[in-house]
Amino acid sequence: MIRDLSKMYPPARHPPGQPLKFTVTESCDRIKEEFHFLQAQYHSLKLECEKLASEKTEMQRHYVMYYEMSYGLNIEMHKQVGNL
């Protein structure tokens, strides 16, 4: 069974009149550039994630501190109301 290859593999879109030829070296250089770009992006996102994690920990610490203060004030308020 012979298939229509033009439907399976449409022609590449590139400017007319310019041949589409890449050497192995050019392809490797392009892959290397993209890899370095992705590596830098990963590093940046990792730093942002670490920063957000430390901010989250700090916010949780503040929450616990305020909760404990609120709980203590609530108990004091009930003691004061009971003495009246």
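The values are calculated or read from the model by the stated rules, or taken from the named source; none is laboratory data. Since the structure is predicted, the reported quantities are computational estimates derived from the model, not experimental observations. To get the accessible areas, we keep the full protein, side chains included, count just its heavy atoms, and leave off ligands, DNA and RNA. Shrake-Rupley method; radii C 1.70, N 1.55, O 1.52, S 1.80 Å.
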Which whole-Hz couplings ³J(HN,Hα) result when phi for each residue of the stretch 33-45 is put into the Karplus expression 6.51 cos²θ - 1.76 cosθ + 1.60, θ = phi - 60°, listed in order with x for Gly and Pro? 4, 5, 4, 5, 4, 5, 5, 5, 5, 4, 4, 4, 5
With a 1.4 Å probe and every protein chain left in place, tell me how much accessible area Y71 has, in Å² to the nearest 10. 130 Å²
Where the accessible area of the stretch 26-83 is counted over protein heavy atoms with a 1.4 Å probe, how much of it, in %, is carbon and sulfur? 63 percent
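For E68 and L45 in one chain, what is 0.36 nm times their gap in residues minus the Cα-Cα distance, to one decimal in nm?
In short, 4.8 nm is gained.
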